[in-house]
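In what follows, a single structure is set out as structure tokens and then discussed.
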Amino acid sequence: GDNGDVVDCVDIYKQPAFNHPLLKDHKLQINPSSALYQNNSGPDFIQTWHKNGKCSEGTVPIRRRQLQDSDTSMQGPHHEASLHCSIFKTYQLNKCNLFIYMDVKLQYAGIISWPPAGQKYYGGGGHLSVWNPAVSRTRDLSASTLIVSLSVAEAAFMIAGWIDRPTGNWWLYVKDNPIGYWPAALFTGFPEEAERLKWGGQIYDSIGGAQHTDTDMGNGLFPETNQASLVCSLKYVDSGFTLRTPLRSSLRTLVTNPLCYNAELLPGSDPANGVCFMFGGSGRNINCQ
């Protein structure tokens, strides 16, 4: 890619995910049992490395680990699940390390939704604006996310998607295209429905506890500028495997520190874009040290 990334095309049956002990005998699901569509429009989602070609059928693209990514918890030439152990504190469950938010280095600004009485969430969706945020430190992270939480303690979660109920696998879609899934075997002991959904921006401050990072969230602008990053068409998946718009009464703002990053739910509902909110911020500033 233009940024120096090297992408390897790995045999789909030899991808590092199968090194996980719970996936030893996993049978690969090529396509979801059924599909949901959000009527996504706009330009195709293209990665910069596509200028140099694409992976052939039967292989998956995996970014090769760079020298600056080195971490003692990683094995092999590619990023594996163990990488996240340096970012998230781990939680032991059924001999499987899952990850929970308990680190002051993580900051969030967005919207959270719990299912109203009598309803259940089986996944979520939305239109998230994607930017190229300024990241001030090599190991900082800035992301636009939809997080599907499967438990109150957030002992298990995934970034976006909805459950394929016949298999129990949780699928990720981008612009109505199935990208891949988290196998059901990773979530034994959890209910098949989601505890809550969260949309918004997330920052990982690699130092934490010292001077605040000035890594941008979104485009680096706060919602009060009316030009911040935007998330629209907030959706949840109901028990009938149908995309629904959550009730506004079920939506709450969730912000770690509004002086550094913030979120604001927009009034009303746009006929074309549904329920929307803005989020973002610059990190360190005169009010955020």
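A few notes on this one:
- Taking the criterion of being among the acidic types (Asp, Glu) and within 30 Å of SER33 (Cβ to Cβ), the only residue of the range 234-289 that qualifies is ASP238.
- If only residues of the range 189-233 that are of a type in the set (D, E, K, R) and outside any loop (DSSP other than H, G, I, E, B) are counted, the one that is nearest to PRO267 (Cα to Cα) is GLU224.
- Per the conditions (1) modelled with pLDDT under 90; (2) within 30 Å of PRO166 (Cβ to Cβ), the sole criterion not satisfied by LEU234 is (1).
Table: residues versus (1) under 19 Å from ALA134 (Cβ atoms); (2) of a type in the set (Lys, Arg).
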| position | (1), (2) |
| --- | --- |
| GLY208 | yes, no |
| GLN211 | yes, no |
| ASP216 | yes, no |
| LEU221 | yes, no |
| ARG248 | no, yes |
| GLU264 | no, no |
| PRO267 | no, no |
| VAL275 | no, no |
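- Hits in the range 131-140 - residues which are closer than 17 Å to LEU221 by Cα and touching a residue at least 24 places away in the same chain (Cβ under 8 Å): TRP131, PRO133, ALA134, VAL135, SER136
- In the range 32-62, the qualifying residues are those that are open to solvent by less than 80 Å² (accessible area, probe 1.4 Å) and outside any loop (DSSP other than H, G, I, E, B), and the one that is modelled with the lowest pLDDT is THR48.
- Residue selected from the range 147-184 under the condition among the β-branched types (Val, Ile, Thr) and modelled with pLDDT under 80, by the criterion nearest to GLY200 (Cα to Cα): ILE159
- Checked across the range 118-135, the condition of being surrounded by 21 or more Cβ atoms within 10 Å (Cβ to Cβ), more than 24 Å from LEU265 (Cβ to Cβ) and within 19 Å of the chain's Cα centre (by Cα) holds for no residue.
- Scanning the range 275-289 for residues that are over 15 Å from PRO116 (Cβ atoms), open to solvent by less than 80 Å² (accessible area, probe 1.4 Å) and among the hydrophobic types (A, V, I, L, M, F, W, C) gives CYS276, PHE277, MET278, PHE279, CYS288.
- Among the residues of the range 236-274, those that are touching a strand residue (DSSP E or B) at 6+ places or on another chain (Cβ under 9 Å), open to solvent by 50 Å² or more (accessible area, probe 1.4 Å) and within 14 Å of HIS127 (Cβ to Cβ) comprise THR245, ASP270, ALA272, ASN273.
- Of the criteria (1) of a type in the set (Ser, Thr, Tyr); (2) under 29 Å from ASN219 (Cβ atoms); (3) modelled with pLDDT under 70, which one SER144 fails: (3)
- Residue pairs whose Cβ atoms lie under 7 Å apart, separated by 6 or more positions or on different chains, with the first residue in the range 7-31 and under 23 Å from GLY53 (Cβ atoms) and open to solvent by less than 60 Å² (accessible area, probe 1.4 Å) and the second in a helix (DSSP H, G or I) and among the aromatic types (Phe, Trp, Tyr), are VAL7/TRP49.
The values are calculated or read from the model by the stated rules, or taken from the named source; none is laboratory data. Just so it is clear, the structure is predicted and the values come from calculations on it, not from any experiment. Ideal geometry is used to build each Cβ from the backbone, glycine not excepted, and the neighbour counts take in all protein chains shown. Note: accessible area is taken over every heavy atom of the protein model, side chains too, but ligands, DNA and RNA are not part of it. Shrake-Rupley method; radii C 1.70, N 1.55, O 1.52, S 1.80 Å.
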